[in-house]
């Protein structure tokens, strides 16, 4: 787990020193950087009911989020300034229902800390269904392992609908950045060639089930 700290040394120097003192991994970075495969930052201004995702699917992720919140609170107390909280979702959340959420807190226009974790689309339709929809060829190869070098063990034609065994679904990213979806037949199918690229699966709409 890495919590990134990005601060103006003149205005938030004390917060940076605090983060170092408690042993966090600190990375200086711009406050808002566009990421391939991610949506825009959205400010959290109301109740949790307005947030379109669920997160915190393991004790590790819950613990990391609590540490992130404590870092934000400590920085605000040190700077004697109010915080704002933001989130952005990866494209996969909207397309296949599972992806990542990145949270950040800010003092003014300066990012204090960020935290990323697994996210799923809130109030997703049941039964959970994904449809194969490739943009190249007539479908997807299913491989034994999440790499294009692995042997093909099955084939999913376009239009085929699958019901993943788990939710959140299991996603793996290989060394080239290609994203893979684990299927119930113990194989893997390519979600996309990389973050921000075409996504080979889509959520089935409620009218299709």
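Each reported figure results from applying straightforward, stated rules to the coordinates on display, with no laboratory input. The structure displayed is predicted, hence computed values, not measured ones. Counting neighbours? That spans all protein chains shown, and the Cβs are built from the backbone with ideal geometry, glycine included.
In a fully extended conformation the segment linking residue 185 and residue 109 would gain 22.6 nm over its present Cα-Cα distance, using 0.36 nm per residue.
For the residue pair residue 170 and residue 50, what label-to-label distance in nm results when each label sits 7 Å from Cα along the Cα-to-beta-carbon direction? Computed distance between label sites residue 170 and residue 50 equals 3.8 nm.
For the range 126-202, what class follows from the C-alpha gyration tensor (a ≥ b ≥ c being the square roots of its eigenvalues): rounded when a/c is under 1.5, otherwise prolate if a/b is larger than b/c, else oblate? Cα axes put the range 126-202 in the rounded bin. Using the Cα gyration tensor of the range 69-195, with a ≥ b ≥ c the square roots of its eigenvalues, what is the shape: rounded (a/c below 1.5), prolate (a/b larger than b/c) or oblate (neither)? Note, shape of the range 69-195 comes out prolate. For the range 115-160, a/c is not less than 1.5, where a ≥ b ≥ c are the root eigenvalues of the C-alpha gyration tensor, and a/b does not top b/c. That puts it in the oblate class.
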